[in-house]
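What follows is a set of notes on a single structure, which appears directly below.
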Amino acid sequence: MLLFFLFLLLLLVATVLCSFPHLNPSIAASTSHSSTEARMEASKSEIQAWEYNSTDENEKLAHKYHPNRAIPLSHVHGLGILTWKLDVDNWESDTELKNIRSDRGYKYSEVITVSREAMVDFDARVKGFFKEHMHSQEESRLILDGSGYWDIRDYDDKWIRFYVQKGDLVVLPPGMYHRFTLDTNDYIKALLLFTENPVRTQHQRSDDSAARKLYVEKYLLQQRVKAQ
Ligand SMILES: [Fe+2]
């Protein structure tokens, strides 16, 4: 009889946890993960990525090899980057953006315009973005207008460059080494999204930081094994 009651109790607990996933962190995490993937797939992001050709040319040029060494978007995703394509003409009322913000817990946001007209210290700021760095939080940016390039480090430390323009929402994971530059149009307007109080501290490369260790464990080791 006791065993029967224990069984009933376990059944009840399991039913409650499945009905209220937020009570069970593992179920909540997988639900959030799968909805993120589903939303990404549905949005049909078509960001172009390629192996960065390191030359002395202006970093605002494309820096492609000839012929171009294209990198599949699936590889960029495998390094932990998330991408969506959104309709940003009415971004403040866009339902899909609201859903993504809710899924990922973005509580704070601000709009930034990077252009010679909008910034007194434009050249210094843009040079600063292009210094290799990482963050302890994710970097989430929705491009409202204009365009630019992100460079991210591959599993073997080579640079991968990808191009973003109006409507691209990109999330870089914490601990990923990266840099950013405008293209030769010298203009981008973006919505910055944050889960916690807005912090934009740029940390230099550091293999010892907790965020970096987590990133290597979660993404880079798998990519290195896959490449062997
Ligand atoms: Fe950054």
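The order of 50, 150, going from fewest to most other C-beta atoms within 10 Å of their C-beta, is 50, 150. Among 191-199, 133-141, the peptide with the highest mean count of other Cβ atoms within 10 Å heads the list, and the full ranking is 133-141, 191-199. Of the GluC sites (Glu not before Pro) found in segment 52-117, the ones in coil according to DSSP and having at most 14 other Cβ atoms within 10 Å of their Cβ are 57, 117. The loop-placed trypsin sites (Lys or Arg not before Pro) in segment 46-91, going by DSSP, that have at most 16 neighbouring Cβ atoms within 10 Å of their Cβ come out as 60, 64, 69.
Relative to the current alpha-carbon distance between residue 107 and residue 218, full extension at 0.36 nm per residue lengthens the span by 37.5 nm. Net length available on complete extension from residue 37 to residue 123 is 27.3 nm, with 0.36 nm assigned per residue and the Cα-Cα distance removed. Excluding residues fewer than 8 places away in the same chain, name every one of the lysines whose C-alpha is closer than 27 Å to that of residue 158. Those lysines meeting the cut-off are 44, 60, 64, 85, 127, 131, 166, 213, 218, 226. Each label was represented as a point 7 Å from its Cα along the Cα-to-Cβ direction; for residue 115 and residue 62 these points are 2.4 nm apart. Each of 111, 93, 65 was placed along the dipole of the chain (beta-carbon charges, centred on the mean Cα), and the one lying farthest toward the positive end is 65. What is the distance in Å between the Cα centroid of segment 105-156 and that of segment 36-67? Value for the Cα centre distance between the two parts: 15 Å.
The ranking of 203, 66 from fewest to most other beta carbons within 10 Å of each one's beta carbon is 66, 203.
Bear in mind that the values in this text are calculations on the coordinates, not laboratory data. The model shown is predicted, which means the values in this text are computed figures rather than measured ones. Positions of Cβ are generated from backbone atoms using ideal geometry, with glycine treated the same way; all protein chains shown enter the neighbour counts.
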